[in-house]
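The values are calculated or read from the model by the stated rules, or taken from the named source; none is laboratory data. In this text, all values refer to a predicted model and were calculated from it rather than measured experimentally. Note that each Cβ is placed from the backbone with ideal geometry, even for glycine, and that neighbours are counted across all protein chains shown. Surface areas here come from the heavy atoms of the whole protein model, side chains and all, with no ligands, DNA or RNA. Shrake-Rupley method; radii C 1.70, N 1.55, O 1.52, S 1.80 Å.
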Amino acid sequence: MKFKSIAAALAVMFFCQCQQAPASDQDNRTDNRAPVPTTGLKIAVVNVDSLLQSYNFCLDLNEGLMRKEENYRLVLTEEANKLEKEYNDFRKKIQNNVYSSEERAASEQNRLDKKAQAIQEKQAKYSQELELENAANAQKISDAIDAFLKEYNKEHGYNMIVSKAALLYSDDAMDITADIIKGLNAEYKSAEE
């Protein structure tokens, strides 16, 4: 689940970066660079979905997030099961007239209701933490890919590297996804050591 949201966020970021084309009219330009000629452009294509499914850094971040999500789920499930048992015990006590007064029963009901609310608040907190971590992970992945592509491009001299998702058609010879995955994973492996 979280992998898909990371993939979607990165695909949107890549798509948006690719859509920011320079203005063709010199009067509309905000800098002093000359317009880039459109003939002889060297363009490459990257399949972002494949990249994210094979980039070890992304996989490691996703695995860590999934472990955290599973831990949170287990904590919440355990607390909810305990609370359910307490509610069942409470109902049995009500049926057996164990409480000496209505106030005592109401007090116990309030205590259980507050516990239920605390579990709901914890669930919301955990959900927000996971969303924030997911967004931070997506940004880390995007930054790592951007930095790698800048270095990669110094050697290969592309005018443009675009996401395959942003294209209707491209020649397979333009696809550098495997090369990018290989380079990113090699860079990530050396950073781990």
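Each 5 Å bin, from zero up to the one with the longest distance, holds this percent of the alpha carbon pairs of the stretch 35-102: 3, 12, 9, 9, 8, 8, 8, 7, 7, 5, 5, 5, 4, 3, 2, 2, 2, 1.
Measuring only protein heavy atoms, the 1.4 Å probe finds Thr39 accessible over about 110 Å². Taken as Cα centroids, the stretch 85-103 and the stretch 117-165 sit 51 Å apart, rounded to the nearest whole angstrom. Taking the square roots of 5 times each eigenvalue of the Cα gyration tensor of the stretch 88-136, largest first, gives ellipsoid semi-axes of 37, 9, 4 Å. Spacing of the modelled spin labels on Lys182 and Leu132, each 7 Å from Cα toward Cβ, amounts to 4.1 nm. Direction-averaged projected area, Cα convex hull, the stretch 127-193: 6.4 nm², rounded to one decimal.
In percent, rounded to a whole number, the relative contact order of the stretch 51-193 is 44, using alpha-carbon pairs under 8 Å and six or more apart.
Gyration tensor analysis over the Cα atoms of the stretch 39-193 returns equivalent ellipsoid semi-axes of 57, 14, 12 Å (largest first, whole Å).
Neighbours of Thr177, meaning other residues whose beta-carbon lies under 10 angstrom from its beta-carbon, give a summed charge of -1 when Lys and Arg score +1 and Asp and Glu score -1. Remark: the Ser190-Arg111 segment gains 23.1 nm on full extension, using 0.36 nm per residue and subtracting the alpha carbon distance. Multiply the residue separation of Met160 and Gln123 by 0.36 nm, subtract the distance between their alpha-carbon atoms, and state the gained length in nm to one decimal. My answer for the length gained is 8.9 nm.
Counted by Cβ distance under 15 Å from Lys125, the other residues give a net charge of -3, where Lys and Arg count +1 and Asp and Glu count -1.
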